[in-house]
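The values are calculated or read from the model by the stated rules, or taken from the named source; none is laboratory data. These numbers were taken from a predicted model, which means no experiment stands behind them. Here Cβ is always computed from backbone atoms with ideal geometry, including for glycine, and neighbour counts include all displayed protein chains. Ligands, DNA and RNA are stripped out before the accessible areas are found, and what is left, the full protein with its side chains, is counted by its heavy atoms. Shrake-Rupley method; radii C 1.70, N 1.55, O 1.52, S 1.80 Å.
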Amino acid sequence: MGLEVAGGGEAAVKGKFWGIVVCFFLGNGSLFAWNSMLTIEDYYVSLFPDYHPTRVLTLVYQPFAFGLTCFFAYYEATMNTRKRNLAGFALFFLSSFALILLDVGTKGHGGIPAYIGVCIISALFGTSDALVQGGLVGDLSLMCPEFIQSFLSGLAASGVITSALRLITKAAFENSQNGLRNGAMLFFSVTCIFELACFLLYALVFPKLPIVKYYRQKAASEGSKTVGSDLAAAGIKTDQDRQVEEDPQKHERLSTKELLMQNIDYALDIFLIYVLTLSIFPGFLSEDTGSHGLGTWYALVLISMYNVLDLIGRYLPLIKCLKLTNRKGLMAAILARFLFIPAFYFTAKYGDQGYMIFLTSFLGLTNGYLTVCVLAEAPNGYKGPEQNALGNVLVVCLLAGIFSGVVLDWMWLIGKGW
């Protein structure tokens, strides 16, 4: 079969449900390992009480995630997307397994060597994120909007699932000897199984769905060089060089710089969403909210509420009357979120835990809702290769926002002796 898109309308919908399901699981897998590390922060705080692990691990993770995503975005037009994503899931699996081996090797004791080992694994998680998240967002951007929405919902669901597991393991092991450690090891055992499952889903199931074949053939017919190995995995041969020679204008595309300039507002939107969110979550919520009646459960409840509402927010745009598509309206809503900064400051200082839980929930809801509105709307109207490139550019902006937010999060410590 050549590059012509056979099957037209039938192929464009056949297998759509299973594609949405697989995208949801792939979104889960893209953040499951990292969310597991964040969610068991109470274990690492007990092991390394003097080193601010909730902040430092994030600060180690982000330069690798951001720096490598920039590199991959620059070379996205010629990169093998299939190998990139498979390498990312494989590294997630191996890094999660290494975390278990490190804890077993140190017998659950703290100290500088163990802390350095955990930081190295955090950097490997950042590398995996750069491989997978940018690759999948770019790949799914050239398909139907439901796929990118499902993937983004899966990212949020990974936080919900890890939070639920953490609450269950904390309750189950709280009164047992080495309870925190046992819960953490169970966590990363589940993570290893989940990452392996995502690797197999992407390698064996996703490329063979008719709707995925259809969109990848369509992208290849428009000049995309990133989908060749995916089509080969589905048993479809391509001859792009011949197609380019026959109709070179059909395969022309906007440069990455031109795409960025045309979508600079969307790029700024996604950057500002995550600058604000990561300047509060998870560091401020874990360390700076004071003492309350929930005791050691308080930070876990806040993080869980954030994750649940973040997931709900990512489904709201499916309701057409609630989806925000106006570009100026998106910018106004995103700028309004910066009112969260004084709100959290004064609530932590003067409010009780009920107000803090409400604010955290609203932070998560707006984060998820606005993320989907921006990433699902931006690729509309472009050819497949341009959608892939724009998806990679927006992920770079997202991770730049996360990294900036993580750095700004340290400002909450001003005047606290650190």
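The table that follows gives values for the structure above.
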| quantity | calculated |
| --- | --- |
| Selection within segment 163-172 - open to solvent by 60 Å² or more (accessible area, probe 1.4 Å) and of a type outside the set (Gly, Ala, Ser) | ILE168 |
| Every residue from segment 81-114 that is among the aromatic types (Phe, Trp, Tyr) and open to solvent by 20 Å² or more (accessible area, probe 1.4 Å) | PHE93, PHE97 |
| Residue within segment 35-55 that is more than 26 Å from ARG166 (Cβ to Cβ), out of contact with any Leu (no Cβ under 7 Å at 6 or more places or on another chain) and either among the polar types (S, T, N, Q) or open to solvent by less than 50 Å² (accessible area, probe 1.4 Å) (or both) present | no |
| Residue satisfying all of: in segment 61-73; open to solvent by 40 Å² or more (accessible area, probe 1.4 Å) and not aromatic (Phe, Trp, Tyr); farthest from TYR202 (Cα to Cα) among these | PRO63 |
| Wholly within segment 314-406, helices (runs of 4 or more DSSP H) carrying at least 1 residues that are under 30 Å from SER221 (Cβ atoms) and hydrophobic (A, V, I, L, M, F, W, C) | 353-377 |
| Residue check, ASP310 within 22 Å of ILE148 (Cβ to Cβ) and part of a helix (DSSP H, G or I) | yes |
| Given (1) of a type outside the set (Val, Ile, Thr); (2) surrounded by fewer than 24 Cβ atoms within 10 Å (Cβ to Cβ); (3) at pLDDT 90 or above; (4) closer than 22 Å to LEU260 by Cα, index of the condition TYR369 fails | (4) |
| TYR115 vs. criteria in a helix (DSSP H, G or I), modelled with pLDDT under 90 and among the aromatic types (Phe, Trp, Tyr) | yes |
| Matching residues, segment 286-305, being closer than 19 Å to ASN28 by Cα and either modelled with pLDDT of 90 or more or open to solvent by 40 Å² or more (accessible area, probe 1.4 Å) (or both) | MET305 |
| Options SER221, SER189: the member that is at pLDDT 80 or above and open to solvent by less than 30 Å² (accessible area, probe 1.4 Å) | SER221 |
| Test set (1) more than 25 Å from ARG181 (Cα to Cα); (2) surrounded by 20 or more Cβ atoms within 10 Å (Cβ to Cβ); (3) within 18 Å of the chain's Cα centre (by Cα) - GLU76 fails condition number | (3) |
